[in-house]
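Enquirer: Shown below is the structure under consideration.
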Amino acid sequence: MKKFFETIKNIFKIEELRKRLVYTFMLILVYRFGCQVVLPGIDATLLASFQSSTQEGLVGLLNMFSGGAFGNASIFALGVMPYISASIIVQLLGVFVPYFRKLQMEGESGRKKMNQLTRYLTILVLCIQGPAYMAALHNQIPGQAFVAVNQLGWSNFWFNLVSTIILMAGSMFVMWLGERITDRGIGNGISLIIMIGIVARFPHAIVAEAGEKLTTTNGGVLLFIVEILLWFFVVVAAIALVQAVRRVPVQYAKRVIGNRQYGGVRQYIPLKINAAGVMPIIFAQALMLFPLLFSRWDATRGLAATLGNYTGFWYNFIFFIFVVIFTYFYTAVTVNPTMMAEDMKRNGGFIPGVKPGKKTVEYLDSVMSKVTLPGSIFLGFIAILPAFAMIAGVNNSFASFFGGTSLLILVGVVLDTLQQIESYLLMRHYDGLMKTGRLTGRSGM
């Protein structure tokens with residue numbers, strides 16, 4: 001315990017790290033404050049029916065990602081999911097469209113151009129989601145809640161138009177907050193915002209589960225304690241497994257590179273079982289929310305009714321497949337075997353028994369495919385664990401923390417953020433956050 005407090009003290013001794021932490025904390029406060037600001041012209045006291053309808057299924061998950069802003073009819077109700085949806089589309093275009101593939105190969109300038117295109121596409125997505133969200137409000141809450149229409153004499157058209165513009169501006173502002181955190185704060189801003197939204201819903205989930213178990217004869221206090229202990233075990237196991245699957249696969253790393261320029265010094269290629277981190281989970285979940293666009297955010301109609309059953313076979317099967325596919329896809333985007341082979345050749349490196357050039361690219365691609373498979377299956381299995389918790393009788397809100405998107409995002413983002421703090425400590429020759437002085441994060445050991 002003494003060492004822990006000494007480490008916290010060392011964190012605040014580093015001026016740059018202290019400023020980044022304070023900056024990140026202040027922007028998160030701004031985000032949480034905005035989540036409580038209701039759209040102008042709506043009576044917040046009459047939102048109970050809408051809030052109750054956003055506690056389960058896909059809509060409930062979206063409400064969790066937004067930290068309750070979705071159910072509160074907040075100016076930040078749409079959150080960062082439109083931006084993530086646009087990012088998915090742009091990265092898919094990078095695989096199939098030569099122009100976007102060329103931008104990916106242009107380094108920093110290409111990345112800036114793709115970010116700009118992603119922002120434009122985010123606005124287009126918001127133009128669809130904004131009116132759909134307003135239609136959901138009109139369907140779910142009583143007419144007297146629209147003060148601007150009933151008391152100020154606004155028409156529904158103008159009220160919806162102004163509210164849609166506010167929702168779009170709020171979502172773009174949240175995206176901007178995330179980018180500021182990434183540039184001048186600690187951690188990945190977009191991921192942190194999603195994580196904060198999930199953490200904000202955790203106390204409500206615990207209280208709801210405790211209330212359900214203590215007020216019924218179905219298990220009582222004992223069952224609630226067992227669930228808490230089981231949840232704690234799942235969290236510890238998830239942390240251990242996420243740490244493990246991010247390490248370099250030893251059986252491949254030991255035989256990878258010799259180097260002629262440095263007297264045959266053996267080096268390592270940073271191939272990891274899960275090079276994609278939590279992004280496949282976020283991407284897959286965003287894609288699962290698409291059917292709601294065509295059902296006016298009503299998960300009881302159309303395709304959303306088929307996929308909106310959180311414990312149903314088809315929802316979990318498709319979600320599992322999406323996670324596996326996006327793990328391979330995101331790994332292919334972030335780990336380029338062709339570029340790795342070219343860098344290796346340029347620096348005089350080689351793989352014993354493999355010819356330089358095309359053969360090296362094929363070998364690296366084959367190894368990456370093999371080591372990504374167990375990582376993708378692991379992510380997919382963890383992603384569907386909440387369905388089993390719900391079937392076992394756990395409250396829907398609390399069950400989402402038994403693995404699934406919520407737990408993986410929490411574990412992954414926390415580990416990535418702690419790794420950045422760890423790197424600042426080690427650069428200043430302070431002890432790290434772990435006894436070994438090393439914390440495994442997305443970028444490896």
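The values are calculated or read from the model by the stated rules, or taken from the named source; none is laboratory data. Model, not experiment: these values are computed from the prediction. Note that we place each Cβ from the backbone using ideal geometry, even for glycine, and neighbour counts take in every protein chain shown. Just so you know, the surface numbers come from the protein's heavy atoms only, side chains and all, with ligands and any DNA or RNA stripped out. Shrake-Rupley method; radii C 1.70, N 1.55, O 1.52, S 1.80 Å.
Enquirer: Taking the stretch 124-146, which residues are touching a Phe, Trp or Tyr at 6+ places or on another chain (Cβ under 9 Å) and β-branched (V, I, T)?
Expert: Once the filter is applied, which keeps residues that are touching a Phe, Trp or Tyr at 6+ places or on another chain (Cβ under 9 Å) and β-branched (V, I, T), the stretch 124-146 yields V125, I141.
Enquirer: Just the residues that are surrounded by fewer than 20 Cβ atoms within 10 Å (Cβ to Cβ) and either within 20 Å of I206 (Cβ to Cβ) or among the small types (G, A, S) (or both), please, taken from the stretch 397-420.
Expert: Hit for the stretch 397-420 is V414, nothing else.
Enquirer: Condition first: free of Cβ contacts under 8 Å to residues at least 12 places away in the same chain and among the basic types (K, R). Now tell me which residues in the stretch 113-171 satisfy that.
Expert: K113
Enquirer: Being open to solvent by less than 40 Å² (accessible area, probe 1.4 Å) and either farther than 22 Å from D183 by Cα or at pLDDT below 75 (or both) narrows it down to one residue among T54, T45; which is it?
Expert: None of the other options fit; the residue is T54.
Enquirer: Next up: Could you list, in sequence order, the residues of the stretch 14-42 that are touching a Lys or Arg at 6+ places or on another chain (Cβ under 7 Å) and either in a loop (DSSP other than H, G, I, E, B) or at pLDDT below 85 (or both)?
Expert: Across the stretch 14-42, the qualifying residue is only I14.
Enquirer: Has the stretch 77-92 got any residue that is farther than 30 Å from F322 by Cα and modelled with pLDDT under 85?
Expert: no
Enquirer: Given the condition open to solvent by less than 20 Å² (accessible area, probe 1.4 Å), under 30 Å from N115 (Cβ atoms) and part of a helix (DSSP H, G or I), answer yes or no: does some residue in the stretch 196-214 qualify?
Expert: Scanning the stretch 196-214, I find at least one residue that is open to solvent by less than 20 Å² (accessible area, probe 1.4 Å), under 30 Å from N115 (Cβ atoms) and part of a helix (DSSP H, G or I), so the answer is yes.
A quick yes/no check of all residues on (1) at pLDDT 75 or above; (2) surrounded by fewer than 16 Cβ atoms within 10 Å (Cβ to Cβ); (3) of a type in the set (K, R); (4) in contact with a helix residue (DSSP H, G or I) (Cβ under 8 Å, 6 or more places away or on another chain):
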site: L292; (1), (2), (3), (4): no, no, no, yes
site: R296; (1), (2), (3), (4): no, no, yes, yes
site: T300; (1), (2), (3), (4): no, yes, no, no
site: F317; (1), (2), (3), (4): yes, yes, no, no
site: V324; (1), (2), (3), (4): yes, no, no, yes
site: M340; (1), (2), (3), (4): yes, no, no, yes
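Enquirer: Follow-up. Which residue out of A86, A135 is surrounded by fewer than 20 Cβ atoms within 10 Å (Cβ to Cβ) and among the small types (G, A, S)?
Expert: Selected residue: A135, the only one of A86, A135 that is surrounded by fewer than 20 Cβ atoms within 10 Å (Cβ to Cβ) and among the small types (G, A, S).
Enquirer: With the condition kept exactly as written, say whether any residue in the stretch 369-387 is assigned to a loop (DSSP other than H, G, I, E, B), out of contact with any strand residue (DSSP E or B) (no Cβ under 9 Å at 6 or more places or on another chain) and modelled with pLDDT of 80 or more.
Expert: Yes, because at least one residue in the stretch 369-387 is assigned to a loop (DSSP other than H, G, I, E, B), out of contact with any strand residue (DSSP E or B) (no Cβ under 9 Å at 6 or more places or on another chain) and modelled with pLDDT of 80 or more.
Enquirer: Out of everything in the stretch 349-389 that is among the polar types (S, T, N, Q) and either surrounded by fewer than 18 Cβ atoms within 10 Å (Cβ to Cβ) or farther than 30 Å from V234 by Cβ (or both), what residue ends up being farthest from the chain's Cα centre (by Cα)?
Expert: Here the answer is T360.
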